[in-house]
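Working notes, beginning with the structure itself.
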Amino acid sequence: MEQVKTLRIYFTSDIHGYIYPTSYREPGEQDIGLFKCVNHFEKDGNTLIIDGGDLLQGSPLGAYQHDTIGTAKPFAEIMNSCGYDYVTLGNHDFNFGMDYLESYLGTLNARCICENIKTAEGKTRFPWQLHTLENGLKVGIAGIVTDYVNVWERPEHLGTDSITNPLAAAKAALDDMRDKVDITICVYHGGFERDLSTGRVLSQSSENIACRICDELDFDILLTGHQHMSVHGQTYNGTYIVQPIDSGREFISITAEVGNGIKKINGETIPAGGTCPQQLLERFRDMEEGAQLWLDSVVGYMNKPLMPSDHLSMAANGCALTDFFNTVQMESTGAEISVTSLANEISGLPQKVRRRDVLTAYPYTNTMVVLEITGAKLKAALERSAEYFELDAEGKIAISETFLKPKVEHYNYDYYAGIEYVFDIRKPVGNRLAELKFNGKNVENDDKFTLCLNSYRASGAGGYSCYCDCPKLKEDDTEMADLILAFFDRHPKVDVEKAGKMTILPQ
């Protein structure tokens with residue numbers, strides 16, 4: 001009888017620069033960050049530690065490292081100290097350009113696997129690997145990243161590389177490794193296009209194709225990320241699938257037993273917690289303390305705090321924070337109309353604004369785009385935003401379940417400035433825009449306007465395909481957080497005014 005061999009995997013993904021146990025929003029230690037995960041890792045020769053990408057961008061620490069130090073080498077040293085064996089790349093790892101990414105990869109001990117990143121000559125830059133464990137088990141491991149990098153990222157940030165079809169790349173890797181290994185793993189920085197409990201189709205785009213990977217390929221294990229939702233270990237069409245939430249708030253532990261023609265795979269989602277490894281805290285303390293000092297610098301003052309309320313109340317009644325964002329966007333771009341949104345987890349701006357407040361209130365690396373938009377396209381965008389609402393059993397305004405399940409997507413509801421509009425939620429989806437005015441006049445379908453919005457939304461992401469064929473008049477490479485900081489340079493004391501007029505029916 002063949003000896004049963006065991007593989008253990010520790011899997012993280014979408015750390016987004018959260019290394020230390022802090023959200024950078026509130027004082028004190030929280031159960032968040034990579035160091036609150038790796039304290040649980042017990043590594044031996046039959047263990048693999050794997051990351052699914054989106055490490056370099058997303059936290060104030062990540063912003064500090066890029067903006068002031070200019071190298072991602074310390075992040076690689078952190079991953080080395082934590083014992084990582086393999087990483088793939090996420091879409092946000094390209095946000096700061098290839099030189100910055102190379103400063104990370106060039107220092108990293110772990111092997112990068114990303115099968116659908118091709119060189120100018122068409123070769124796979126980070127091919128699949130055969131890893132033989134101490135017990136002799138042969139593990140084939142390939143990585144892929146969502147091809148929506150091509151939609152979101154500026155071409156110059158990819159250098160001479162290209163992102164190809166992830167499914168085709170994964171299939172080629174699987175075909176190559178199949179007869180050479182005992183167990184196959186795909187690390188996919190992408191998520192699920194269907195609701196795993198109901199089968200409901202969530203997206204027709206190629207951004208997330210994990211279900212299709214399971215349907216068309218037969219990897220033993222599929223480690224996913226990107227969607228920031230917790231997918232507990234389960235078998236989907238013969239493939240064992242998982243996904244952790246973001247920011248180092250949990251990780252996945254998987255045990256696979258292989259032998260006698262049987263593969264038994266089990267996993268556990270483990271929340272971050274416990275005591276951080278003291279040697280890691282000490283080794284990278286200068287980096288963290290430098291970031292904290294940088295974040296505490298005062299950049300300006302508001303006439304009143306701009307603090308968020310619950311998402312439904314803000315969406316239905318307006319929000320002073322989004323009024324401010326839209327004011328910054330309109331002044332910075334000169335556009336007639338502005339569109340912005342809020343993150344799922346919102347931080348406001350106090351009266352005395354520090355750099356950390358700006359970076360936690362607007363955590364994305366989005367840049368600004370100015371489009372020429374017709375009245376018809378503007379109406380289509382507004383109709384998409386109106387889908388955020390539904391009426392509950394009592395006839396009261398509520399948030400549509402399609403924005404809450406299986407993944408929370410408050411960030412796909414948009415706030416507008418420069419226009420007056422009325423949504424009537426009693427009407428069916430697609431016919432809820434009851435009134436739309438610009439400068440007091442009804443907007444006609446063939447009217448034309450200039451509209452500023454972030455680069456993510458301008459790509460059509462979030463269900464806003466109406467923007468995709470709008471002429472692009474201007475694109476600013478400055479990130480929105482930097483535009484806000486520049487706004488405070490021009491206006492050290494800010495009085496926030498209402499940036500648009502919105503009415504949601506029924507009241």
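The values are calculated or read from the model by the stated rules, or taken from the named source; none is laboratory data. Because the structure is a prediction, the values reported are computed rather than measured. No Cβ is skipped: glycine too gets one built from the backbone with ideal geometry, and neighbour counts run over all protein chains shown. Only protein heavy atoms, including side chains, enter the accessible area calculation; ligands, DNA and RNA are left aside. Shrake-Rupley method; radii C 1.70, N 1.55, O 1.52, S 1.80 Å.
In this structure, is residue 385 part of a helix (DSSP H, G or I), free of Cβ contacts under 8 Å to residues at least 40 places away in the same chain and touching a helix residue (DSSP H, G or I) at 6+ places or on another chain (Cβ under 9 Å)?
So residue 385 passes the test.
Of the residues 216, 282, 288, which single one is within 24 Å of residue 169 (Cβ to Cβ) and open to solvent by 10 Å² or more (accessible area, probe 1.4 Å)?
216
Among 115, 102, which is the only one that is modelled with pLDDT of 95 or more and either open to solvent by 20 Å² or more (accessible area, probe 1.4 Å) or assigned to a helix (DSSP H, G or I) (or both)?
It is 102.
Anything in region 330-345 that is under 30 Å from residue 401 (Cβ atoms) and either surrounded by 18 or more Cβ atoms within 10 Å (Cβ to Cβ) or not aliphatic (A, V, I, L, M) (or both)? List them, or say none.
Selection gives 337, 338, 339, 340, 341, 342, 344, 345.
What number goes with the only condition from (1) in contact (Cβ under 8 Å) with a residue 24 or more places away in the chain; (2) open to solvent by 20 Å² or more (accessible area, probe 1.4 Å); (3) not aromatic (Phe, Trp, Tyr) that residue 368 does not pass?
The one condition residue 368 does not meet is (2).
Provide a single number: the residues in region 188-227 that are over 20 Å from residue 408 (Cα atoms), assigned to a loop (DSSP other than H, G, I, E, B) and of a type outside the set (D, E, K, R).
Final tally of qualifying residues: 2.
So which residues in region 194-220 are among the acidic types (Asp, Glu) and modelled with pLDDT of 95 or more, if there are any at all?
If the condition is that a residue be among the acidic types (Asp, Glu) and modelled with pLDDT of 95 or more, then 215, 216, 218, 220 are the ones that fit.
Looking at 412, 431 in this structure, which one is among the polar types (S, T, N, Q), modelled with pLDDT of 95 or more and touching a helix residue (DSSP H, G or I) at 6+ places or on another chain (Cβ under 7 Å)?
The conditions single out 412.
Select from region 127-175 the residues that are assigned to a strand (DSSP E or B) and surrounded by 21 or more Cβ atoms within 10 Å (Cβ to Cβ) and write down the one among them that is nearest to the chain's Cα centre (by Cα).
Filtering first and then ranking leaves 145.
Could you go through region 45-55 and let me know if any residue there is over 26 Å from residue 190 (Cβ atoms) and at pLDDT 95 or above.
Checked against the condition, which is being over 26 Å from residue 190 (Cβ atoms) and at pLDDT 95 or above, region 45-55 yields at least one hit.
Checking the conditions here, which among 67, 44 is part of a helix (DSSP H, G or I) and either out of contact with any Cys (no Cβ under 9 Å at 6 or more places or on another chain) or not β-branched (Val, Ile, Thr) (or both)?
Answer to the selection: 67.
Looking only at residues that are in contact (Cβ under 8 Å) with a residue 60 or more places away in the chain and part of a loop (DSSP other than H, G, I, E, B) in region 291-320, which one is most open to solvent (accessible area, probe 1.4 Å)?
Among residues in region 291-320 that are in contact (Cβ under 8 Å) with a residue 60 or more places away in the chain and part of a loop (DSSP other than H, G, I, E, B), the one most open to solvent (accessible area, probe 1.4 Å) is 304.
Within region 201-256, count every residue that is over 16 Å from residue 268 (Cα atoms), touching a residue at least 24 places away in the same chain (Cβ under 8 Å) and hydrophobic (A, V, I, L, M, F, W, C).
Result for region 201-256: 8.
Scanning region 409-450 for residues that are free of Cβ contacts under 8 Å to residues at least 60 places away in the same chain, assigned to a strand (DSSP E or B) and in contact with an Asp or Glu (Cβ under 6 Å, 6 or more places away or on another chain), which turns out most open to solvent (accessible area, probe 1.4 Å)?
Among those that are free of Cβ contacts under 8 Å to residues at least 60 places away in the same chain, assigned to a strand (DSSP E or B) and in contact with an Asp or Glu (Cβ under 6 Å, 6 or more places away or on another chain), it is 437.
With 265, 270 as the choices, which residue is in contact with an Asp or Glu (Cβ under 8 Å, 6 or more places away or on another chain) and either within 20 Å of residue 407 (Cβ to Cβ) or surrounded by 18 or more Cβ atoms within 10 Å (Cβ to Cβ) (or both)?
It is 265.
I'd like to verify a number: residues in region 351-365 that are open to solvent by 40 Å² or more (accessible area, probe 1.4 Å) and either in a loop (DSSP other than H, G, I, E, B) or in contact (Cβ under 8 Å) with a residue 60 or more places away in the chain (or both), how many?
Selection size over region 351-365: 3.
Looking at region 100-111, I want the residues that are without any contact (Cβ under 8 Å) to a residue 24 or more places away in the chain and within 15 Å of residue 158 (Cα to Cα) and have a partner that is surrounded by fewer than 20 Cβ atoms within 10 Å (Cβ to Cβ) and among the hydrophobic types (A, V, I, L, M, F, W, C) with Cβ atoms under 9 Å, at least 6 apart or on another chain. Which pairs are those?
none
Any idea which of (1) open to solvent by less than 30 Å² (accessible area, probe 1.4 Å); (2) touching a helix residue (DSSP H, G or I) at 6+ places or on another chain (Cβ under 6 Å); (3) part of a loop (DSSP other than H, G, I, E, B) is the one residue 89 doesn't satisfy?
Among (1) open to solvent by less than 30 Å² (accessible area, probe 1.4 Å); (2) touching a helix residue (DSSP H, G or I) at 6+ places or on another chain (Cβ under 6 Å); (3) part of a loop (DSSP other than H, G, I, E, B), the lone unmet condition for residue 89 is (2).
If I ask for residues that are open to solvent by less than 80 Å² (accessible area, probe 1.4 Å), at pLDDT 95 or above and touching a strand residue (DSSP E or B) at 6+ places or on another chain (Cβ under 6 Å), which ones from region 451-475 would you list?
Hits for region 451-475 are 451, 452, 453, 470, 471.
Can you pull out every residue in region 247-262 that is at pLDDT below 95 and either crowded, with 16+ Cβ neighbours inside 10 Å or aliphatic (A, V, I, L, M) (or both)?
262
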